[in-house]
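Written below as structure tokens is the structure these notes are about.
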Amino acid sequence: MVILAVGTRTFTPQGITRAGALFAQLLVASTAEVLVFAGLLLGLARHWCRRFGQWELPSAFAISALGFGVFHFTYPLPWATWGFALGLTAVWISVNVALILTRTLLGAIMFNNCMAVIGFLQNDLTLPISMRMSLAMSFVTLVIVLGLLIMLSQTRRHAAV
């Protein structure tokens, strides 16, 4: 997906290294975004929109996507513009679709992360953190998410008994 979006000219040895570094660096943000805007906000929006019948899912997608787009006004330029916010709103609809199709947050996280890498490569953006710090943050995030999943599965198991 990344190669199709940015073209093969980007995938020199340096380009591959940069794309891999961006993938690792953006993974924490992608995880947080999916947990908040797809896991939490989309779930709440679906609950709020149940009365709309067949329009429940499209309405919930719109709420989640608009929330994601508007959230980026908390970032510095270039994200805090209407053009970026609307583009990110459209991207978030596709992340919501990935969540529905894969039925997993992990699928949505990976899709969102690939979309973020594409955006960073196409706009020649970088992050102000080192690769080591990104990997450390990714590891801590993984441990927290796994811990939460284990706790949730144990809670469900005890509730079923």
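The values are calculated or read from the model by the stated rules, or taken from the named source; none is laboratory data. Model, not experiment: these values are computed from the prediction. Using ideal geometry, Cβ is built from the backbone for each residue, glycine included, and neighbour counts are taken over all protein chains shown.
Results, tabulated for the structure shown:
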read-out	value
Hits in region 76-92 (condition: under 21 Å from Ala108 (Cβ atoms) and touching a residue at least 40 places away in the same chain (Cβ under 8 Å))	Trp92
Inter-residue pairs, beta-carbon under 9 Å, first under 14 Å from Leu26 (Cβ atoms) and in region 119-147, second outside any helix (DSSP H, G or I) and hydrophobic (A, V, I, L, M, F, W, C), 6+ apart	Gly119/Leu125; Phe120/Leu127; Ser134/Leu127; Met137/Ile129
Residue list for region 34-62, restricted to those being crowded, with 18+ Cβ neighbours inside 10 Å and of a type in the set (Val, Ile, Thr)	Val34
Cross-chain or 6+ apart pairs with Cβ under 7 Å, region 29-58 first and of a type in the set (D, E, K, R), then not in a helix (DSSP H, G or I)	Glu56/Cys49
Out of Arg46, Arg9, Arg18, Arg51, sole residue that is more than 20 Å from Thr141 (Cβ to Cβ), part of a helix (DSSP H, G or I) and modelled with pLDDT under 80	Arg9
Total residues in region 131-146, condition among the small types (Gly, Ala, Ser) and farther than 28 Å from Gly87 by Cβ	1
Residue list for region 66-75, restricted to those being exposed (fewer than 14 other Cβ atoms within 10 Å of the Cβ) and in contact (Cβ under 8 Å) with a residue 12 or more places away in the chain	Val70, Phe73
